[in-house]
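A quick write-up on the structure given underneath.
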Amino acid sequence: IGKALLVPLLARNSGLDLLSYLYLPEEPTYYPNVPRALEDNSEANRGVLRPLIDGSRLPAAKGFRFNTIADYVQAFRSGACTPTDVAKRTVAFIKQSNSSSPPLRGIVDWDEGVVLAMAEASTERWKRGKPLSLLDGVPVAVKGGFRVDPYPARGGAAFIPELSRSVAEGGSVKKLKKAGAVMIGVANMHEFGTGTLGSNPNKYHLHARNPYNLSHFAGGSSSGSAVCVAAGLCPIALGTDGGGSTRVPA
């Protein structure tokens, strides 16, 4: 009775029945519009890292300057610091920021041993002069919607079982690991990506805070990824966007 009478009545009263007649003539875009310059396979233009690094020199703001990929590469090449040094400071910051009042909660899942192991392997490669790529040793955070070994893929929820560990690791994550990037952990997110505030009160996540004003949310759903970059924790973080999930925090 409810399906036959009540649901259609509610749809008509709310105007939702009009969606049945909606026509969108614009075809969906299945592939990104890649700039022609990045399609050039010559040695000078291969990939996207070179233009990214060349254009990454940001001006200082109030005495603070974000570390860019180029900064890390220069430091690792010169021996000014190692990926292990960076990883140790990163882990210390995660612990400190998550124990503050209120906690920042940019990263919600991490393992110090795993992070340091990846960094130490990168340090050895740089010492031998054989880094895997320009991202070797660079810290990267990954939104909880991606599966990252050895952490569970909760998707921002608290009730996802340990079976989530059987989910295949994300393709983007695999490529970053293959490039030598150091996965510093799983970034916070709005539960299942279903909101734009980044407010997630469950026990595993808590609210991701705006690093410029801890009394504010960070926006969502890729809240933790935005927090990690905005706080200077890492120069790169993976997020996803279905309706503003990276644009709102930005």
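The values are calculated or read from the model by the stated rules, or taken from the named source; none is laboratory data. Just so it is clear, the structure is predicted and the values come from calculations on it, not from any experiment. Here the Cβ is made from the backbone with ideal geometry for all residues, glycine too, and neighbour counts use every protein chain on show. When the accessible area is computed, the model is the full protein with side chains, heavy atoms only, and any ligands, DNA or RNA have been set aside. Shrake-Rupley method; radii C 1.70, N 1.55, O 1.52, S 1.80 Å.
Output the qualifying pairs, or none if there are none: Cβ atoms under 9 angstrom, residues six or more apart or on different chains, first residue in region 83-103 and at positive phi, second residue of a type in the set (Gly, Ala, Ser) and open to solvent by 70 Å² or more (accessible area, probe 1.4 Å).
So the pair list comes out empty.
Do we have Gly144 as within 23 Å of Thr246 (Cα to Cα) and not basic (Lys, Arg) here?
Yes; evaluated as a whole, the condition is true for this residue.
Filter region 193-215 down to the residues that are without any contact (Cβ under 8 Å) to a residue 24 or more places away in the chain and closer than 28 Å to Val86 by Cβ and list them by number.
Result: Asn210, Tyr212, Asn213.
Could you list all residues from region 103-124 that are open to solvent by 40 Å² or more (accessible area, probe 1.4 Å) and more than 21 Å from the chain's Cα centre (by Cα)?
Glu120, Ala121, Glu124
Looking only at region 210-224, count how many residues are open to solvent by 10 Å² or more (accessible area, probe 1.4 Å) and touching a strand residue (DSSP E or B) at 6+ places or on another chain (Cβ under 7 Å).
4
Among the residues of region 68-102, which ones are outside any helix (DSSP H, G or I) and β-branched (Val, Ile, Thr)?
Thr68, Thr82
Given the condition farther than 13 Å from Asn188 by Cα, out of contact with any helix residue (DSSP H, G or I) (no Cβ under 6 Å at 6 or more places or on another chain), surrounded by fewer than 21 Cβ atoms within 10 Å (Cβ to Cβ) and free of Cβ contacts under 8 Å to residues at least 12 places away in the same chain, answer yes or no: does some residue in region 130-150 qualify?
yes
For region 158-192, name all the residues that are β-branched (Val, Ile, Thr), surrounded by fewer than 15 Cβ atoms within 10 Å (Cβ to Cβ) and in contact (Cβ under 8 Å) with a residue 24 or more places away in the chain.
none
Tell me which of these Val108 doesn't satisfy, since it passes every other one: (1) more than 26 Å from Ala70 (Cβ to Cβ); (2) aliphatic (A, V, I, L, M); (3) free of Cβ contacts under 8 Å to residues at least 40 places away in the same chain.
Result: Val108 fails condition (3) only.
Conditions (1) modelled with pLDDT under 95; (2) in contact with a strand residue (DSSP E or B) (Cβ under 7 Å, 6 or more places away or on another chain), marked per residue:
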position: Thr68; (1), (2): yes, no
position: Val73; (1), (2): yes, no
position: Ala121; (1), (2): no, no
position: Glu124; (1), (2): no, no
position: Arg128; (1), (2): no, no
position: Val142; (1), (2): no, yes
position: Phe146; (1), (2): yes, yes
position: Arg154; (1), (2): yes, no
position: Lys177; (1), (2): no, yes
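All but one of (1) modelled with pLDDT under 95; (2) in a helix (DSSP H, G or I); (3) open to solvent by 20 Å² or more (accessible area, probe 1.4 Å) hold for Leu58; which doesn't?
Leu58 satisfies all of (1) modelled with pLDDT under 95; (2) in a helix (DSSP H, G or I); (3) open to solvent by 20 Å² or more (accessible area, probe 1.4 Å) except (2).
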